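Below you'll find the structure, written out as structure tokens, and then a few comments.
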Amino acid sequence: MEKSFIEVQFPVSKLSKEAFKERKAGAGQTLTGLGKWWGRKPLVLVRALLLGLLLPATDDPKKDMKIFLKLMAMDEEGLKLRRKSIISARDLFEFATEEEKTRYFDVTDDGKISYKKNLKKAEREEIQEKIFKRMPYEQKLKYCKRPEEIENLPKSAWDEINEHLGTNAYSYSSLIEELGKKRFGQIPTVGDCFCGGGSIPFEAARLGFGVFASDLNPIAMLLTWAALNLLSLPEDAIEKLKDFQKRIFEQADKIVTQWQIEHNSKGHRANAYLYCVETICPECGFKVPLLPSLVIGKNSKTIAVLHENPVKKGFDIEIKMNVSQSELEQAAKNGTVKDGYLICPHCKMETSISSIRGDKVDESGKTIWGLRRWEKHEFIPREDDVFQERLYCIRYEDEKGHRYYKAPDDEDLEREKKVIDLLKERFDEWQQKGYIPSDMIEEGEKTNEPVRTRGWAYWHQLFNPRQLLLHGLLMELIDKEARTKEEKIVGLLGVNRCCNWNSKLSHWENKYVENGRQTFYNQALNSFYLYATRPLHSLKEMILIEISSFLQLNNHNMVDVFLSDARDINQSCHIWITDPPYADAINYHELSEFFLAWDKKFLKEVFPDWYTDSKRALAVRGDRELFKAAFTEILKNIVSNMPENGYFVLMFTHQDSQVFADLTEILLNSGLLSVNAWSIATETEDNMSEGNFVQSTVCVVLKKIDRTQLEPVFIEELYPFGKEEVERQIKLMYELDKDEAEPNFSPTDLELSGYYAALRVLTSCNLKATNQKIKEFLDSMREYASSYIVPEGLKYLGFDQDTIYEIWRKMESYEKFYIRGIEFETRGEKRIGAYQDAARSLGVADYDELFAVKKSNSARLRTASELGQELLDTKHAFSTTILRLCLLAINSAIKKDQEINDTAEAVALSHEMLKTKLGTKYWNNKSKIEIIFRYLARLEKIDGMEHWQNDSKIASYLAERVANDRL
């Protein structure tokens, strides 16, 4: 069988940029509006994988890539078709030639750029098109729709595609049918056994594939079912669903207004409620509101001011708007809780929160949590509880839409009491009917957090009375009004969205938007000292889900959705693509219980065959060995449900070589052969927490292999073949990038090809090796690939290329990582994902301290001056490298020059310091030291490297001293 396109090549650079664009659309992404799921993969990546698997690899790889990009609407014509917005005069000016700047634009003295006044419309359009065409790909995407937003390609594009592929297709579905029948004899079915939020089955169905989707988790299946069944409805059915949602909201609004729990005596309606936790200071007995910051809104310049009330032994809270900048800054510093300590404003003493909770350590070293566990009937704290909750600020909106903050007065507090009374009247009935949760929180890595930090033992206790009342009311109305399965599900999805954005885990954002954030802004259940509550009108956008008809299903591409353990699947699929839950990644099973607690009633009614618990015991998790065993069992089952010419694409987001070794073992034991792998950047900083969260997804393309027919091989025999495969892969990638204006493969992609080539070699045989031997082989191939790819900046320093190659080959991993990072900067590459991939390819794990900036799209390493005296004489692997000491020499010379005002003397002293620190290693590595300094010296002449200017100049002086140094 001929190879598919993806086995040979893949446009990783352009796809990474497209995936980033899709991710940055936030709530504007096609599926995110249906509800929260963790780690959804971009639809553009799924589309690319599916087309890449079906398209054949011909003997003209350049043409293959051209046709693939045309199908993805990622070629020049496709980008032109996708362009949706006019480019501003300022942006055009940036990319204009000097002649164009003079001809088309005017620049005022204060730097404002505009078109010349007499410029005709046709001339404006001409310069727009001309400059758009020459912009870098990433820049072009700012003005383009996403590929999925283009319904179909023009006939001219299809004509060219058909000519190359020998097809007669003028739509994606007809192309899938033709290519599918050529490769598989029928329209292919795509399976995903860990479908999560539904990206893979949805995009497969949209393209015209048959679809089989399954997951162990009911919430994942609910979202996937909704993606496939709601977003494929005809327009008239969608309009009826929208009317239903609107009717539910209007009925709820009428009831809430009658209850008089959100309007004040002036008729102004509450727009946000802010609550804080209070506790007694053990040192002085004052009740202290736990506020990490006294700033309520940075933009509105609103703060809270604490006033001691000796009578109540507590604090009155005044809310002040439009304060001065100095008051705002002071309020930001004056929080009452910081780094896990209560800072009492009365007695000024600091007490750890854990001691206030009463946490203790027993004889075995186990921590015993001190807080009382709340009982099932409770939804507010008891008077004797350690932590109380206090409404301390309300934002109202008047009839003209003007918003203002105020402290709650007696009338506001009466309304709070009324909310509690209304909930009490309904609480038992609503729990019995399943309108509000009644389940206990099961112990777990993430679910222990609310129990440990607040004593909340039941899921409903993660919501305050106002939140429970509103959400319960919505559930009651949906239950009474829904007449169809679709209405009940769209209503339930709306409530789930409300729960995500309106719980006691919704912290208040006081910097920009001044609003409550979603519960799951990361993959945890975080309890906050200060949280926001939304009134009904602030939940409107959550309740009214935006639904559109995105896909058409017919008898040709049947869709099956099953709630099932992947080990029990018996459905045959031509192509399997899945993003499995790795052992140390997101705790889907635990986190989803937050929603399951609300959804059980409706799920049982709508899907009577479904179970309604998270099946924790069956979730793929646990330590490495348990995980490998479970995952091997699953993959064996999937392989048994694949035809001989089928494909399996496995996604994962780890950067550790140990994971690659484990994956290799799993593939060897499950009958799968790796034919290639590609790394695509898929996450933005908004999707990550602090730390080394990986931004790239590795897509491993797999086929079936019967190893029982192969002779056993020992891993030592494979080293020569591994090196050959690394060289072959890198040469091919170089060849594919030759003459391209924008390279598709970065040096990191080339280095990672070492891993991927090694994976191909290892899985192509009947291997007998330990996990440690496999890891050593992978590391060796990675290092070989790294030594094979010399950074461009090192090649042009005037040294013999053999010398450069040898020095680069012998450099430590952290030295290579640092130089790779500098190379990224010189090319304008700022994605943290690029650095993470480089770290993965070089086997570097601990790199946080090397960064000056570590954001998803603006990352860079620290300069010599910024590193200063850090990372020296430590256990960090970078601290003892020659490169680190060279950076120290630069910093020392700059500091000394500032001290004595004599650059030459400062450089001489710094050079001597370097020689002393290196000892005999100096003379043995003299060429390497000079090359390092020469490399850093060239940075001052490169655009965008201005932050290196002073360091670079000193590096050039040090390079000369080293070059002229003699024994």
Legend entry - Within the chain, helix-based [θ] at 222 nm, where runs of 4 or more DSSP H residues each add -39,500 (n - 2.57), nearest 500: -14000 deg cm²/dmol
Legend entry - Entries in LYS320/LYS348; LYS24/LYS145; LYS70/LYS145; LYS120/LYS140; LYS14/LYS41; LYS21/LYS504 that, when Cα-Cα distance is taken, lie over 21 Å: LYS320/LYS348; LYS120/LYS140; LYS21/LYS504
Inset, instruction - Could you work out the relative contact order of the chain, using alpha carbon pairs under 8 angstrom and six or more residues apart, expressed as a whole percent? - result: 11 percent
Legend entry - Two-site label geometry, ASP902 and ASN924: point separation in nm, points 7 Å out along Cα→Cβ: 3.5 nm
Inset, instruction - Would you list, by chain and number, the lysines whose Cα falls below 20 Å from the Cα of LYS926, excluding same-chain residues fewer than 8 positions away? - result: LYS795, LYS810, LYS816, LYS915, LYS917, LYS953
Legend entry - SER813, SER156, SER214, SER927 arranged by Cβ crowding within 10 Å, fewest neighbours leading: SER156, SER927, SER813, SER214
Legend entry - Theoretical FRET efficiency, 1/(1+(r/R0)^6), r = Cβ-Cβ of VAL513 and GLN772, R0 60 Å, to 0.05: 0.75
Inset, instruction - Compute the signed sum of charges (Lys and Arg +1, Asp and Glu -1) over the other residues within less than 14 Å, Cβ to Cβ, of GLN325. - result: +2
Legend entry - Long-range amide H partners of ASN676 with built H, under 5 Å: VAL701
Inset, instruction - Please work out the FRET efficiency for the pair GLU329 and ASP846, using the Cβ-Cβ distance as r and a Förster radius of 22 Å; give the result to the nearest 0.05. - result: 0.05
Inset, instruction - Quick one: which residues, 5 or more positions from ALA457 or on another chain, have an amide H under 5 Å from its amide H? H modelled 1.01 Å from N in the peptide plane, none for Pro or chain starts. - result: TRP374
Legend entry - Karplus 3J(HN,Hα) series, Hz, for the stretch 293-299 with 6.51 cos²θ - 1.76 cosθ + 1.60 (x for Gly, Pro): 8, 8, 7, 9, x, 5, 5
Legend entry - Distance from the stretch 304-383 to the stretch 25-66 (C-alpha centre basis), Å: 48 Å
Inset, instruction - Would you please classify the overall shape of the stretch 5-194 from the alpha carbon gyration tensor, given that a ≥ b ≥ c denote the square roots of the eigenvalues, rounded means a/c under 1.5, and beyond that prolate means a/b larger than b/c while oblate covers the rest? - result: prolate
Inset, instruction - Grab the beta carbon distance between SER549 and GLU308, set R0 = 60 Å, and tell me the FRET efficiency rounded to 0.05. - result: 0.50
Inset, instruction - Could you size up the charge dipole of the chain around its Cα centre, putting +1 on the beta carbon of Lys and Arg and -1 on that of Asp and Glu, and report it in debye to the nearest 20? - result: 980 debye
Inset, instruction - Taking the dipole about the Cα centre of the stretch 97-235, with the C-beta of Lys and Arg at +1 and of Asp and Glu at -1, give me whichever of ALA220, CYS144, TYR104 is farthest to the positive side. - result: TYR104
Inset, instruction - Only loop residues by DSSP count here, and only those with at most 10 other Cβ atoms within 10 Å; note down the trypsin sites (Lys or Arg not before Pro) in the stretch 915-967 that meet that. - result: ARG966
Legend entry - Antiparallel content of DSSP bridges confined to the chain, in %, to 5: 80 percent
Inset, instruction - Would you mind ranking CYS347, CYS281, CYS573 so that the residue whose beta carbon has the fewest other beta carbons within 10 Å leads the list? - result: CYS347, CYS281, CYS573
Inset, instruction - Could you please rank ILE586, ILE807, placing first whichever residue has the fewest other Cβ atoms within 10 Å of its Cβ? - result: ILE586, ILE807
Inset, instruction - Using a/c under 1.5 as the rounded threshold, could you call the stretch 860-940 rounded, prolate or oblate? The axes a ≥ b ≥ c are square roots of the C-alpha gyration tensor eigenvalues, and prolate needs a/b larger than b/c, oblate otherwise. - result: rounded
Inset, instruction - Once you have a ≥ b ≥ c as the square roots of the Cα gyration tensor eigenvalues for the stretch 251-543, tell me rounded if a/c is under 1.5, and otherwise prolate or oblate according to whether a/b is larger than b/c. - result: oblate
Legend entry - Label of the coordinate-derived value, mean projected area of the Cα convex hull in nm², listed as [x] 46.7; [y] 55.4; [z] 50.8: [x]
Legend entry - Label-point separation in nm, ASP236 to SER364, each point 7 Å along Cα→Cβ: 6.7 nm
Legend entry - Relative contact order, percent, the stretch 505-605 [alpha-carbon distance under 8 Å, six or more residues apart]: 20 percent
Legend entry - For VAL337, distant residues with modelled amide H under 5 Å away: LEU291, ILE343
Legend entry - Computed label-point distance, nm, for sites HIS402 and LYS875 using a 7 Å Cα→Cβ extension: 6.1 nm
Inset, instruction - Rounded to whole Hz and in sequence order, give me ³J(HN,Hα) for the stretch 398-408 from the Karplus expression 6.51 cos²θ - 1.76 cosθ + 1.60, θ = phi - 60°, writing x for Gly and Pro. - result: 7, 5, 9, x, 6, 9, 8, 9, 8, 6, x
Legend entry - Formal net charge of residues neighbouring SER879 (Cβ-Cβ distance under 13 Å; K, R +1; D, E -1): -3
Inset, instruction - Note the full-extension length gain between GLU375 and ILE86 as 0.36 nm times their separation in residues minus their Cα-Cα distance, in nm to one decimal. - result: 98.1 nm
Inset, instruction - If a cysteine in the chain has no other Cys Cβ under 4.7 Å from its own Cβ, put it on the list, ordered by number. - result: CYS144, CYS193, CYS195, CYS276, CYS393, CYS498, CYS499, CYS573, CYS699, CYS765, CYS886
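Rule-based calculations on the coordinates, nothing more; no lab input. Remember, predicted model here, so these are calculated numbers, not experimental data. Positions of Cβ are backbone-derived with ideal geometry, glycine not excepted, and every protein chain shown enters the neighbour counts.
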